[in-house]
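K.L.:
Shown below is the structure under consideration.
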Amino acid sequence: MPVYKAPLRDMKFLINDVFDYPKHYASLKSGENATPDIVDAILNECAKFCEEQLSPLFQPGDEEGCTLKDGVVITPKGFKEAYDKFVMGGWQGLSAPEEYGGQGLPASMGMFKQEMVGTANWSFSMYPGLSIGAMNTIQLHGSDELKDTYLAPMTEGRWAGTMCLTEPQCGTDLGQVKTKAEPQADGSYKVTGTKIFISSGDHDLTENIIHIVLARLPDAPKGTRGISLFIVPKVQHDKDGNLGEANGVTCGSLEKKMGIKASATCVMNFDAATGYLIGEQNKGLECMFTFMNTARIGTAIQGVGPAELSYQWALNYAKERRSMRALSGKKEPEEVADSLIHHADVRRMLLTQKAIAEGGRAMLYDAGRLADHMVEAHEAGDQKKADKYDDKLGFLTPILKGFLTELGCEAANLGMQVFGGHGYIREHGMEQIARDTRIATLYEGTTGIQALDLLGRKVLLTTKGGAVRDFTARVANFARKQLTDSRLRPFALELLKLIGQWNLLTVRIMLAARKDRDLVSSASYDFLMYSGYVTMAYMWARQAAVAADRLDNGGDESEAFYKAKLATAEFYYERLLPRAQTHASTMLSPSKNLMQLHADDMAFTG
């Protein structure tokens, strides 16, 4: 069975050299204990846990899946033991506030942890991962009483969390939510309704599960303006957290899914279950976006993780599997055939996976610094500063989620292709990676929803193109500094050309949309993908700049490591970045070619 090996060399290169996290952490109150030695030790221990405990459960968990017995979800063999070790190691509270039992480390440390946990075993990672989003929502929007009641046991890992949005009649369009919340004399509410597609909705890993539920009050306005947010525990409890009776929350069924079969995806029924309001009445959607943004960045990791895992296994296979001779002549004349690694088309697939994994990781780690600043500003009560970093991160969030998960699917499929027919056979694990990854472009908002959020809301409506101008100004400042180095000049010149084009495309769409209102929707996917390719190009240029400097002045890694960075950057710019121009052309195509065909004329006519 193939195993996962944490890419610590690349992670530490980004953390220490490219993004200078040691200096970054030194500037944060929460970074006081995040010294280089401590960070290094945490990364090493997390890698060990993921490699030894989680990776071996990856394929067996998929084979067994979850089962529903007597109304309780049973996770696959080994998951409960692994979760107990996860909790004992303090991993759930790594970035949680110390006042609730956490370690108080920066939010980005949790992201580094989540990448390794998710890559080793994405199904497992979803159980503690959903809890983090629930904890963040309670931390930012809950009353002091709710925080005191729920955050400590959730930080400890004794209690888990979920988010319950989707219902049978609505997915993304939450204005159609029908779940009701009836006020009670004691200030609580009775929540009744059905939610579907609820990840970690029920399981046997914790003693209680805290559901974050969207519901309507009896006099609520119609649409999204009438949605409130509630905490609904699976098991009732007193103010000290002592558990009592069941709370009218049951798992009606388990979804039969394409992938992530070891993660319980549930239909959840709420039958007059006791709940508690989070935030203001009818302001639930605003509070829920805290959870959604946390989940979207977390889901972006599911683009990077599968690319990394599939690349690792495909690379090892390509080195061992022999087939035919290289066109440039025998590479291993003593063998019956040359290894796959010597064939140019196999190199194309492997380098695409490598460029996606390492470029995507850099995009996440760059965003991690913004998240740290945003969280610290929130905790300090500096709303103006928090909003500033929230806006910066908000612009990148749909790019991270939409673009990286699309490329993660591509990388997973390329891994199967390297294996050939063996990639289609379950024992090698490659088809599982592809199945597990496919959901990432769907949940927490499909790629189309991310694209509309980026272009329609973040770029055109809210900032009138300002979000693009601000980000590209940052890229331009970097690119101009690289023009004097002959190795970096091609990257810098291409970046400067692209950011000019990015701004021009934004203006052209803005003007064209005045006459063609459907253009925003028809252009949004291509705009997102274009934005993703340019952003990743910036990340590869940054990695190349550091690699060139270390080759000249010495570094912690080998010369081969830094040369590989430069070579992969060159591959990205010459082989993958040209895709951006197709998206640039397509996004300006009028919506007429999508909308002119009548719906009845699209029917099957065979």
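K.L.:
Between segment 1-70 and segment 259-278, what's the alpha-carbon centroid distance in Å?
P.N.:
That distance is 28 Å.
K.L.:
Treating only the Cβ of Lys, Arg, Asp and Glu as charged (+1, +1, -1, -1), what charge dipole size does segment 287-447 show about its Cα centre? Round to the nearest 20 debye.
P.N.:
Numbers: 20 positive and 22 negative charges, 88 e Å.
Dipole about the Cα centre, nearest 20: 420 debye.
K.L.:
With 29 Å as the cut-off, how large is the P(r) tail for segment 287-447, expressed as percent of Cα-Cα pairs? Each step should come with its number before you reach the end.
P.N.:
Working: 4306 of 12880 pairs.
Roughly 33 percent, once rounded to a whole number.
K.L.:
Per 0.36 nm of contour for each residue apart, how much would the distance between H598 and K23 grow if the chain were fully extended, relative to their Cα-Cα spacing? Intermediate results must be reported in sequence, preceding the final value.
P.N.:
Details: separation 575, 0.36 × 575 = 207.00 nm, distance 5.84 nm.
Answer, rounded to one decimal: 201.2 nm.
K.L.:
Also, I was wondering about something else. Counting helices only, and only those DSSP H runs with n ≥ 4, report the 222 nm mean residue ellipticity of the chain as the sum of -39,500 (n - 2.57) divided by its residues, in deg cm²/dmol to the nearest 500. Mind dumping the intermediate values first?
P.N.:
On the way: 19 runs with 316 residues, N = 606.
Result for the chain, helices only: -17500 deg cm²/dmol.
K.L.:
Moving on. What's the extension gain from D549 to L442 if we count 0.36 nm per residue and subtract their Cα-Cα distance? Show your work: numbers first, answer last.
P.N.:
On the way: separation 107, 0.36 × 107 = 38.52 nm, distance 4.02 nm.
Answer, rounded to one decimal: 34.5 nm.
K.L.:
If you don't mind, there's one more thing I want to ask. Over all directions, what mean area does the Cα convex hull of segment 140-180 project, stated in square nanometres?
P.N.:
Seen from a random direction, the Cα hull of segment 140-180 projects 4.3 nm² on average.
K.L.:
Now a separate question. Hey, with R₀ at 35 Å, roughly what FRET efficiency would T484 and M510 work out to, going by the Cβ-Cβ distance, to 0.05?
P.N.:
Working: r = 35 Å, r/R0 = 1.01.
Computed FRET efficiency for T484 and M510 comes out at 0.50.
K.L.:
Mind pulling the angle between the C-alpha long axis of helix 284-320 and the longest principal axis of the chain? Nearest 10 degrees, somewhere in 0 to 90.
P.N.:
With both axes taken from Cα atoms, the answer is about 40 degrees.
K.L.:
How much of the DSSP beta bridge set in segment 150-243 is antiparallel, as a percent to the nearest 5? If you can, show how the numbers build up before the last one.
P.N.:
Numbers: 12 of 19 bridges.
Of all bridge pairs located within segment 150-243, approximately 65 percent are antiparallel.
K.L.:
How large is the charge dipole for segment 450-591, taken about the Cα centre, if only the Cβ atoms of Lys, Arg (+1) and Asp, Glu (-1) carry charge, to the nearest 20 debye?
P.N.:
On the way: 20 positive and 14 negative charges, 122 e Å.
The calculated dipole for segment 450-591 is roughly 580 debye.
K.L.:
Helix 559-571: angle to the longest alpha-carbon principal axis of the chain, degrees 0 to 90, nearest 10?
P.N.:
Computed tilt is about 80 degrees.
K.L.:
Using only alpha carbon positions, build the gyration tensor of segment 100-185, then give the equivalent ellipsoid semi-axes as the square roots of 5 times its eigenvalues, largest first, whole angstrom. Intermediate values should be presented prior to the final figure.
P.N.:
On the way: eigenvalues 138, 83, 23 Å².
Semi-axes (√(5λ), whole Å): 26, 20, 11.
K.L.:
Now for a different question. If packing is taken as the average number of other Cβ atoms within 10 Å across a peptide's residues, how do 346-352, 272-278, 240-246 rank, most packed first? Walk me through the intermediate numbers first.
P.N.:
Working: 346-352: 18.7, 272-278: 22.0, 240-246: 11.0.
The peptides rank, most packed first, as 272-278, 346-352, 240-246.
K.L.:
List the relative contact order of the chain as a percent without decimals, with contacts defined as Cα pairs under 8 Å and 6+ residues apart.
P.N.:
Working: 1050 pairs, mean separation 71.9, N = 606.
Computed value for the chain: 12 percent relative contact order.
K.L.:
Could I ask something else about it? With angles folded into 0 to 90 degrees, how steeply does helix 79-88 sit against the dominant principal axis of the chain? Use alpha carbons for both and round to 10.
P.N.:
Taking the Cα atoms of the chain, the angle to 79-88 is about 90 degrees.
K.L.:
Kindly rank 60-73, 305-318, 193-206 from highest to lowest mean number of other beta carbons found within 10 Å of each residue.
P.N.:
Details: 60-73: 15.4, 305-318: 25.8, 193-206: 22.1.
Descending packing order for the listed peptides: 305-318, 193-206, 60-73.
K.L.:
Still on this structure: Using a Förster distance of 35 Å, how high is the FRET efficiency between K497 and K48, based on the Cβ-Cβ distance and rounded to 0.05? All intermediate terms of the calculation are to be shown ahead of the outcome.
P.N.:
On the way: r = 45 Å, r/R0 = 1.27.
After rounding, the FRET efficiency stands at 0.20.
K.L.:
To continue, here is another question. Where the only charges are on Cβ atoms (+1 Lys, Arg; -1 Asp, Glu), what is the dipole of the chain about its Cα centre, to the nearest 20 debye? Walk me through the intermediate numbers first.
P.N.:
On the way: 67 positive and 75 negative charges, 456 e Å.
I would put it at about 2200 debye.
K.L.:
How large is Rg/Rh for segment 229-313, to two decimals, with Cα atoms and a Kirkwood Rh?
P.N.:
Values: Rg = 17.5 Å, Rh = 16.2 Å.
With Rh from the inverse mean 1/r over Cα pairs, Rg/Rh is 1.08.
K.L.:
Taking 0.36 nm per residue of sequence separation and subtracting the Cα-Cα distance, how much length would be gained by fully extending the chain between R322 and T172, in nm to one decimal? Could the numbers behind the result be given before it?
P.N.:
Details: separation 150, 0.36 × 150 = 54.00 nm, distance 4.76 nm.
Additional length available on full extension: 49.2 nm.
K.L.:
Any chance you could tell me what percent of the C-alpha pair distances in the chain go past 45 Å? Working shown, then result.
P.N.:
Numbers: 30755 of 183315 pairs.
Percent of Cα pairs beyond 45 Å in the chain: 17.
K.L.:
Can you grab the distance from the C-alpha centre of segment 297-312 to the C-alpha centre of segment 470-500, Å, no decimals?
P.N.:
27 Å
K.L.:
Can you list the chymotrypsin sites (Phe, Trp or Tyr not before Pro) in segment 540-606 that are in a DSSP coil and have 14 or fewer other beta carbons within 10 angstrom? Each step should come with its number before you reach the end.
P.N.:
Numbers: sites: W540, F561, Y562, F571, Y572, Y573, F604; in loops: F604.
Qualifying residues, ordered by number: F604.
K.L.:
Given 5 Å bins starting at zero, what is the percent of C-alpha pairs of segment 450-591 in each, up to the one with the largest pair distance?
P.N.:
2, 10, 19, 20, 16, 12, 9, 6, 4, 2, 1, 0
K.L.:
Now, a different point. Over 19 Å, how big is the tail of the calculated P(r) for segment 45-159, in percent of all Cα pairs? Don't jump to the answer; show the numbers that get you there.
P.N.:
Values: 3058 of 6555 pairs.
Value for segment 45-159: 47 percent of Cα pairs lie more than 19 Å apart.
K.L.:
Take every DSSP beta bridge with both residues inside the chain and express the antiparallel ones as a percent of the total, to the nearest 5.
P.N.:
Values: 33 of 40 bridges.
Around 80 percent of the beta bridges assigned by DSSP in the chain are antiparallel ones.
K.L.:
Here's a follow-up. If you count, for each residue, the other Cβ atoms within 10 Å and average over each peptide, how do 102-109, 230-237, 85-92 line up from highest to lowest? Intermediate results must be reported in sequence, preceding the final value.
P.N.:
Working: 102-109: 24.4, 230-237: 21.9, 85-92: 17.9.
Listed from highest to lowest mean packing, they are 102-109, 230-237, 85-92.
K.L.:
What is the spin-label model distance, in nm, from E559 to L68 if the labels are put 7 Å beyond Cα along the C-beta direction?
P.N.:
6.2 nm
K.L.:
Round to the nearest 0.05 the FRET efficiency obtained for D186 and N269 when R0 = 35 Å and r is the Cβ-Cβ distance.
P.N.:
Details: r = 23 Å, r/R0 = 0.67.
Calculated transfer efficiency: 0.90.
K.L.:
Same structure, new question: I'd like the Kirkwood hydrodynamic radius of segment 370-491, using the inverse of the mean 1/r over distinct C-alpha pairs, in Å. Walk me through the numbers on the way to the answer.
P.N.:
Numbers: mean 1/r = 0.0572 Å⁻¹.
Its Kirkwood hydrodynamic radius stands at 17.5 Å.
K.L.:
Taking the convex hull of the alpha carbon atoms in segment 556-605, what volume per residue do you get, in Å³?
P.N.:
Working: hull volume 7.5 nm³, N = 50.
Spelled out: Cα convex hull of segment 556-605, divided by residues, is 151 Å³.
Throughout, read-outs are computed from the coordinates displayed, never taken from laboratory work. A quick note: this is a predicted structure, and the numbers were derived from the prediction, not measured. So basically every Cβ, Gly included, is an ideal-geometry build from the backbone, and we count neighbours across all protein chains shown.
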